[in-house]
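Colleague: The following block contains the structure, expressed as structure tokens.
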Amino acid sequence: MISPLPMAPFLPGSDKVDCSKSEIIFLKRAQMKPESKPAEMYLNLMKQCLTRYIFPETYRPLYRLPLTIKNIQWIAYPLVAAILAKMGLRLYCHANVDLARRAEGRDLPADAETMIGLKRLDNLQFCIEQVLREDVPGDFIETGAWRGGACIFMRAALEAYGDNSRQVWVADSFEGLPKPDGRYRQDKGDRHWKKRDILGVSLDQVKANFSKYELLDDRVHFLKGWFKDTLPVAPVERLAILRLDGDMYASTMDSLVNLYPKLSVGGYAIVDDYGEIAQCRKAVDDFRTSNQIDAPVIPIDLSGVYWKKLR
């Protein structure tokens, strides 16, 4: 029997959860005796591999710092990087990985398949186990997949627990985040689109990441494109897990408007950026208010939250 520790819910519109009251340890795993459960051992290993927590990188790519007077020397970075790229080379530097930050998903792994950290993967496992135990109907989806790690874990969990019917949907542009399109003033000035060299991971690369773990099959489906175009027509019938990682107001709202009605009662909505990105939090709060959703929003760590659909 798995039971989450009591945690203080977020209040809509608030910036942070009181971590001293919420115990940022997510699951009481001791009750599961993972050493006696091959599925649990496999999934624990998957989480540590997908985050590279178990073998952190020694080197990481060198990205240009924001241009300021202090960092003026970085103005030459694009020219140097372009010359090296033509030679098949890239700038790297030593990586000093803080495993505590990685567990909370607060760093940028050089080559891990996910940056959400162990605690948010623990939460995803908990939600999956609950919907399987309670037989909540529906597939699993993540909107905003980056290198695919959370979706790879979804597929791994279905394999581990012997579920042969549910599908995993991977929704992403595979090009990074879009420029603000003017639909929502909350996204005015958003600059995530400038990070396409970091956040834009190709569809071929994500598929290759699934293949590395022998989890790419006909039960994994990819929805390529901007959410405003793909989600209204996505052939998703019913969901049990809806995981959002779109950062922006528009991306978050597009995901909720088009997919939340397909989430079964008893299913889980998970939002990766609620605690740290104001536009994401505003979109969630606005959607919940307009749809009279009163299920408590429960923090996972300083960034992620989730709630169970009650009606």
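Bear in mind that the values in this text are calculations on the coordinates, not laboratory data. Since we're looking at a predicted model, the values are computed, not measured. Backbone-built Cβ (ideal geometry, glycine too); neighbour counts: all protein chains shown.
Colleague: Amide H to amide H, which residues 5 or more places from Leu223 or on other chains are under 5 Å from it, using H placed in the peptide plane?
Modeller: The list, which skips near neighbours in sequence, is Val170, Ala171, Asp172.
Colleague: Using the structure shown, list the pairs from Lys179/Lys282; Lys37/Lys282; Lys195/Lys262 with a Cα-Cα distance above 29 Å, or answer none.
Modeller: Check vs 29 Å cut-off fails for Lys37/Lys282; Lys195/Lys262.
Colleague: While we're looking at this one, here's another question. Give the Cα extents of segment 175-307 along the principal axes, in whole Å, largest first.
Modeller: 40, 37, 31
Colleague: Provide the packing ranking of 76-88, 110-122, 143-155, 220-232, i.e. peptides ordered by the mean count of other C-beta atoms within 10 Å per residue, highest first.
Modeller: In decreasing order of mean packing, 76-88, 110-122, 143-155, 220-232 become 143-155, 110-122, 220-232, 76-88.
Colleague: Oh, and also: Take the residue pairs Lys47/Lys309; Lys194/Lys224; Lys47/Lys194 and return only those whose Cα atoms are more than 21 Å apart.
Modeller: Lys47/Lys309; Lys47/Lys194
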